[in-house]
Every structure is written in C-alpha cells, then in structure tokens.
Amino acid sequence: MPTRARVDLRRPGAHMDGDTRELVAGLVRQRQRMGLSQAQLAEKIGTSQRTMSQLENLTHAPKLSTVVSWARAVGLRLAWRAVGTPADGRETT
C-alpha cells in the first residue's frame, strides 16, 4: 500500500499547490512594486486588510474572483491556459 506524504499544515500554504503559491507571490511582488499597502489594496478590491494578509500568507485559499480583482488592482491581467493530458487521453491546446 503506497504511503501518503505528510503535509505540515502549520506551514503557510502547505495545503496549496505550487501554481497557487507562485501566482500569489507574483501578485504580492507587484503590489509591493506599486508601493501599495495591504490596506490600500484591500480597499481597492473591496475586502479587509486582514483578508489580504491571510491571502498573501496563504492561510486562506483565494477565490478566483478575488484573484482577478487583485490582479486588475495592481495593473495585471491574468492569462489562463490548461495544460496536461485529460482523462480521455486526447491532447488539449
């Protein structure tokens, strides 16, 4: 029987995949480049500073709508692309 890797849930973001962590890190860097505080960004996207802190520290998984608003507020546009092989084995583009 295969063993499961243990995840230390005390480590921020441990339960999130690498793509989510990378996306959030990029959004945080852009916020910082723009000189915006968490509170300023939170006001722009209609949330609280506490929620922004939780999102940036990966203690809460961001909703897609929040990520889109966050990206727009820091002057970015998200580009989506699904990659991989679906269960039916046919290639996707």
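The values are calculated or read from the model by the stated rules, or taken from the named source; none is laboratory data. Only a predicted model underlies this, so the values are computations on that prediction, with no experimental measurement involved. No Cβ is skipped: glycine too gets one built from the backbone with ideal geometry, and neighbour counts run over all protein chains shown. These accessible areas exclude ligands, DNA and RNA; they are computed on the full protein's heavy atoms, side chains included. Shrake-Rupley method; radii C 1.70, N 1.55, O 1.52, S 1.80 Å.
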Enumeration of residues in the range 57-76 that are aliphatic (A, V, I, L, M) and open to solvent by less than 80 Å² (accessible area, probe 1.4 Å): 58, 61, 67, 68, 71, 73, 74, 76
Within the range 21-56, considering residues that are in contact with a helix residue (DSSP H, G or I) (Cβ under 9 Å, 6 or more places away or on another chain), polar (S, T, N, Q) and open to solvent by 70 Å² or more (accessible area, probe 1.4 Å), the one nearest to residue 77 (Cα to Cα): 40
